[in-house]
Amino acid sequence: MDARCVWGLAKVWEAVVLWTLGFLLVATVGVPFMQVLLGLDQAVPSVWKHTLFTLSVDAMEMAVAFGAVQASLRGGMGTGSPPTAPWRPPLRWEGGRWVLSCLLVCLVTFPLVQRAAIFNQALFPSAGWVWHPPDFSNLAEAGAQLVFIFWTTLVSPIWEEVLFRGFLVSSLHRHFSSLPAVGISAVVFALLHFSPERLLPLLILGFIFGFFYTKTNNLLACIAVHCLWNVYAFFIAATNLVVVG
C-alpha cells in the first residue's frame, strides 16, 4: 500500500471521529434545514427539490469529511505528530489494464449485492423517496433526474473513494493486514451512510471496494467500480422501482 501514508494510528482514529461528528452535524442540522428551505414538507414536492436536497446534503458531507481529515492531519485535536508527507491517493491510468478486472468484479459481485439489498430492505422497510425513471415528456422533471443521476453516479463515488479507500484503507493498511484494514473501513463506510435499510449491501460493497483497492493500489479502479455499481443500482431501480434514497 502507499508508503506516503506515514501518520500514526491515532491520527487515523482522530480523523474518523471528526468525520463522524461532522456527518452527525449534517444529519441533525443540515438535513432538517435543507428540508425546510426547499419545502420538502409539502404534499407533493417537485423532483427538482428532491434533487437539490440530495446534492446539497452530499456536498455538505463531502466538505465536512475532507475538512475532518485535513484538520486531523494538520494537527486536529493534538494527538500524534503531523505527517511527514502529504496525502496523495494513488491515481494511475496504467493504460487501462485494470478495466477487465473492474468488469469481472462487477459481473460477479453486483447481483450478489442486489440480493443482499433485497434481504436488507425486507428487514428494514423504508418509507423514503422512491426513484422513478425520467419522464422525458416533462423536460423539467427529466432535467432534474438527469442531474441527480449524474451526481450520484459520478461525483459521489469520486469523493467517497478518495476518503474511504484512498485515505482510510491506505492508512489502516499501514498498521494492519488487508482483512482488518478493509473490514474496519467497510464498517465505517456502511455506518456513515446512516441508512439501516441499506446497511448490509453497503457493508458488502465496502469490502469489495476495499479489497479491490488493496489488490490494485489504484484508486481510479475503485472509482470506476463504484460508479458502475451506482449505474447498476439505477438500472435495477428503473426496472423494479426499488427505494434508492
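The values are calculated or read from the model by the stated rules, or taken from the named source; none is laboratory data. What you see is a predicted model, and the numbers here were worked out from it, not measured in a lab. Backbone-built Cβ (ideal geometry, glycine too); neighbour counts: all protein chains shown. Accessible surface is based on the protein model in full, side chains and every heavy atom, while ligands, DNA and RNA are left aside. Shrake-Rupley method; radii C 1.70, N 1.55, O 1.52, S 1.80 Å.
Can residue 82 be described as modelled with pLDDT of 70 or more, over 21 Å from residue 144 (Cα atoms), assigned to a loop (DSSP other than H, G, I, E, B) and not aromatic (Phe, Trp, Tyr)?
Spelling it out, it is not the case that residue 82 is modelled with pLDDT of 70 or more, over 21 Å from residue 144 (Cα atoms), assigned to a loop (DSSP other than H, G, I, E, B) and not aromatic (Phe, Trp, Tyr).
Give 121, 114 a once-over and let me know the one that is at pLDDT 70 or above, in contact with a strand residue (DSSP E or B) (Cβ under 9 Å, 6 or more places away or on another chain) and in a helix (DSSP H, G or I).
Unique residue meeting the criteria: 121.
Tell me the residue from 1, 77 that is modelled with pLDDT under 90, surrounded by 14 or more Cβ atoms within 10 Å (Cβ to Cβ) and not in a helix (DSSP H, G or I), please.
1
What's the number of the condition residue 190 fails, among (1) open to solvent by 10 Å² or more (accessible area, probe 1.4 Å); (2) under 17 Å from residue 23 (Cβ atoms); (3) among the aliphatic types (A, V, I, L, M)?
Single failed check for residue 190: (1).
For residue 52, indicate whether it is farther than 17 Å from residue 185 by Cβ and either β-branched (Val, Ile, Thr) or at pLDDT 90 or above (or both).
Here the answer is yes, as residue 52 does meet what is asked.
Would you say residue 137 is among the small types (Gly, Ala, Ser), open to solvent by 80 Å² or more (accessible area, probe 1.4 Å) and modelled with pLDDT of 75 or more?
Here the answer is yes, as residue 137 does meet what is asked.
If you check every pair at least six apart or on different chains, which have Cβ atoms under 8 Å apart with a residue in segment 52-66 that is aliphatic (A, V, I, L, M) first and a residue that is open to solvent by 40 Å² or more (accessible area, probe 1.4 Å) second?
The qualifying pairs are 55/147; 55/151; 64/25.
Could you tell me which residue of segment 91-107 is nearest to residue 223 (Cα to Cα), considering only residues that are open to solvent by less than 100 Å² (accessible area, probe 1.4 Å) and modelled with pLDDT of 80 or more?
102
Pairs only if they're at least six apart or on different chains, beta carbon under 6 angstrom, first in segment 160-179 and closer than 13 Å to residue 215 by Cβ, second in a helix (DSSP H, G or I) and open to solvent by 10 Å² or more (accessible area, probe 1.4 Å); list them, first residue then second.
Pairs found: 178/214.
For residue 18, state whether it is at pLDDT 90 or above, out of contact with any Ser or Thr (no Cβ under 9 Å at 6 or more places or on another chain) and not in a loop (DSSP other than H, G, I, E, B).
No; evaluated as a whole, the condition is false for this residue.
Conditions (1) modelled with pLDDT under 95; (2) open to solvent by less than 50 Å² (accessible area, probe 1.4 Å), marked per residue:
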residue: 160; (1), (2): no, yes
residue: 164; (1), (2): no, yes
residue: 170; (1), (2): yes, yes
residue: 173; (1), (2): yes, yes
residue: 211; (1), (2): yes, no
residue: 215; (1), (2): yes, no
residue: 231; (1), (2): yes, no
residue: 235; (1), (2): yes, no
residue: 242; (1), (2): yes, yes
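Restricting the search to segment 151-175, which residues are basic (Lys, Arg) and not in a helix (DSSP H, G or I)?
Of everything in segment 151-175, just one residue is basic (Lys, Arg) and not in a helix (DSSP H, G or I), namely 174.
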